[in-house]
1. Calculate I(q)/I(0) for segment 188-254 by the Debye formula, one identical point scatterer on each C-alpha and no solvent, and give its log10 at q = 0.15, 0.19, 0.21, 0.25 Å⁻¹ to two decimals.
2. If R0 is 51 Å, what FRET efficiency do you get for residue 148 and residue 66 from their C-beta distance, rounded to 0.05?
3. Return the long-range amide H neighbours of residue 69 (sequence gap of 5 or more, or a different chain), with a cut-off of under 5 Å between placed amide H atoms.
4. Using modelled backbone amide H atoms (1.01 Å from N, in-plane), which distant-in-sequence or interchain residues come within less than 5 Å of residue 194's amide H?
5. Which value, in Å³ per residue, describes the convex hull spanned by the Cα atoms of segment 48-153?
6. Give a residue-ordered list of calculated ³J(HN,Hα) values for segment 102-109 (Karplus: 6.51 cos²θ - 1.76 cosθ + 1.60, θ = phi - 60°; whole Hz; x for Gly, Pro).
7. For segment 84-163, give the percent of accessible area contributed by carbon and sulfur heavy atoms, probe 1.4 Å, rounded to a whole number.
8. Once the convex hull of the alpha carbons of segment 99-254 is built, what does its volume come to per residue, in cubic angstrom?
Amino acid sequence: MTCRIVLVLSLVACGGASKPQPATPLPPDPAPVGASVKEKAPPANLSQPEPPPEPTPAAPALPLSDRLRDGDGSVPGMPGFVRKRKMNANVCTGVAVAITRGKKVAKDDAPFAAVLALEFPKGLTFDLDPTQKAKTEASMKKFQTFIDEMQKVVGAASKHYEGNLAGATDEARVAAAARIAQIYMHVASVLARGDIPADVRTGDHAVEKTEAYCDKLAEVAEPMRTKAEEAARICAAKVNDVPVGWWTDVCTAP
């Protein structure tokens, strides 16, 4: 730390010895005992303005795994479809989510049912060992097939329910927005809780490799979750104008 010291020097000029020195003035008479002494008024504006209050720090964002809305229980608007969570150290976030399918699916629910059928591929390997080249190539093909299928199914479902956003009734429009929210939230859950390849979660630097792998999946899943929340806000703005239904819990602004 740099310190600057300011030194004030008082210079006293002395006359020559040949000049007579002026008489030393006598000190003033002291004030009588008990007499009040008028104090000098303090200089104006000595007080400094109060500093502005420190801004309240924003609360840290919850982990993605806590914002996926994929808790145990029935899938809203899908009779017979039940979601079940289970601890699993071999998937990102440490929680695997399985969905039991209902026996019957209404025609308008079929596109969303197809989305619920999407599952992250298991048994992948991204081993760079040349002896595992064939297995790695097969895994890459398997993973790309999953990505292609996901894009196809999600695209078709989104298009279907976006068409319903122009429905004849407020209820139909709210239901459509709720379905879009469910679509993207489920995709985010599938990606964020993806299976961790064995060669990633074992061997040298397993912890670092696993963190990097799961962080990448979370990075891909986050925009999907954001789209889901945007759709939820749209239906939240109208949900109070329609009767209570399966969409009520879905259409809750975060």
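The values are calculated or read from the model by the stated rules, or taken from the named source; none is laboratory data. Because the structure is a prediction, the values reported are computed rather than measured. Glycine gets a Cβ as well: all are built from the backbone with ideal geometry, and neighbour counts include every protein chain shown. With ligands, DNA and RNA removed, areas are computed over all heavy atoms of the protein, side chains included. Shrake-Rupley method; radii C 1.70, N 1.55, O 1.52, S 1.80 Å.
1. The Cα Debye sum returns log10 ratios of -0.60, -0.74, -0.82, -0.98.
2. Efficiency for this residue pair is about 0.95.
3. Here nothing satisfies the definition.
4. 92
5. Values: hull volume 25.2 nm³, N = 106.
That works out to 238 Å³ per residue.
6. The phi angles translate into x, 6, 10, 10, 5, 4, 6, 8 Hz.
7. Working: 3030 of 5360 Å².
The nonpolar share, carbon plus sulfur, comes to 56 percent.
8. Details: hull volume 19.0 nm³, N = 156.
Output value, Cα hull per residue: 122 Å³.
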